[in-house]
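Engineer: Could you have a look at this structure, given as structure tokens, before my questions?
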Amino acid sequence: MAVALLVALAACKKDTDLILSPDQLEVAAYLRLDSTINTRIDLSQTSKPLSIVVSGYGEAIDKVTVYVSPTNSPNKATWKRIKEFTMDANQKATLSVTPAEIATALALQRLPNGAQYVLYNELTTKSGKVISIANTSSDFEPHPAYRMALRWTVTAPCQYDQTVFTGDFTVITDTWQDFNPGERVSVEPGPGANQITITAYPSPAYGTNRKGYVLDVNAAANTVTGKTQVIGDYGGAPPSPNTTMTVTAGTVNSCTRTIDLTGVKFSIDAGTYRLTLRKL
């Protein structure tokens, strides 16, 4: 399979998967992934390296240039150069870039929360051939036997940002059915640093004396729970004053501005309900 790939690499034209005639074929090269050191972007440590170890296969490789695309596109016209690495005598290299270097290449002050970027490795052989995902057949990359490393992905897991959770949030899901999808509820940060207050149940259509409900956020895991709290008085026959609510499970996502409460319980019912809110 590897020999077939090396022949096909040189046979592919840029932006196509066209295979040329036998008299136009020649041996080429590609990068193999030997190990992954770190692909997690730490936004609080912009000099912490993101690294993989690669080796060359086929024709001798002189250098590897790492690029990033602002749109994560394999179209080389969008690529921004980050840095260059020389292959050692054993045809191995550790490709290592920092979040700060990625930001500089993209002309950004800092990488955004929840960012994910594809890094593109372009190799130059000692004979002068230039090979990247842009001129390699797409048939080969999915095969695990090749361990192809012409691109790799780095990600900044979304970090909790309390300032996102303020204003009117749109109801996406409400299985308690106080709200229809598209209606809005009030959300505000606090009162504590890792808390969010929502004013949802009871909805104005079904209750009075509505009170804000405080969610406790586990900032490290982006999960939320809430203690048993009085939320207001439900009408009906008979009415249900001082109804309490408890949240046993849920998550927040500062990047998508979403609050997803999957374990909502009420003192007036034995069931468990879901409320999903998003700031659109």
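Engineer: Strands (runs of 3 or more DSSP E) wholly in the range 137-244 with at least 1 residues that are in contact with a Gly (Cβ under 7 Å, 6 or more places away or on another chain) and more than 30 Å from Ile102 (Cα to Cα) - which ones?
Structural biologist: 167-174, 184-189, 195-199, 213-218, 223-234
Engineer: May I ask you to list the residues in the range 128-147 that are among the β-branched types (Val, Ile, Thr) and closer than 12 Å to Leu31 by Cβ? Can you show your working first?
Structural biologist: Initially, the range 128-147 is screened for residues among the β-branched types (Val, Ile, Thr), giving 130-131, 133, 136.
Within the range 128-147, Ile131, Ile133, Thr136 qualify.
Engineer: Checking Ala77 against (1) free of Cβ contacts under 8 Å to residues at least 24 places away in the same chain; (2) under 29 Å from Lys48 (Cβ atoms); (3) not hydroxyl-bearing (Ser, Thr, Tyr): exactly one of these is not met. Which one?
Structural biologist: Condition not satisfied by Ala77: (2).
Engineer: Report, by residue number, each residue of the range 227-264 that is among the acidic types (Asp, Glu) and within 24 Å of Asp161 (Cβ to Cβ).
Structural biologist: Listed by number, the list holds a single entry, Asp260.
Engineer: Also, I was wondering about something else. What pairs come up if the first residue lies in the range 140-152 and is of a type in the set (Lys, Arg), the second is in a helix (DSSP H, G or I), and their beta carbons are under 9 Å apart, counting only those six or more places apart or on different chains?
Structural biologist: The qualifying pairs are Arg151/Ile133.
Engineer: Within the set of pairs 6+ apart or on separate chains, which have a first residue in the range 123-139 that is at pLDDT below 90, a second that is surrounded by fewer than 18 Cβ atoms within 10 Å (Cβ to Cβ), and C-beta atoms under 7 Å apart?
Structural biologist: Matching pairs, first to second residue: Ser137/Asp17; Ser138/Asp17; Asp139/Asp17.
Engineer: Still on this model: Going by the conditions given, is Ala219 buried (at least 20 other Cβ atoms within 10 Å of the Cβ) and in contact (Cβ under 8 Å) with a residue 40 or more places away in the chain?
Structural biologist: No.
Engineer: Can you say whether Tyr120 is under 18 Å from the mean Cα position of the chain (by Cα), crowded, with 19+ Cβ neighbours inside 10 Å and among the aromatic types (Phe, Trp, Tyr), as far as the supplied structure shows?
Structural biologist: yes
The values are calculated or read from the model by the stated rules, or taken from the named source; none is laboratory data. Not measured: the values here are computed from a predicted model. Methodologically, a virtual Cβ is constructed for each residue, glycine included, from the backbone with ideal geometry; neighbour enumeration extends over all protein chains shown.
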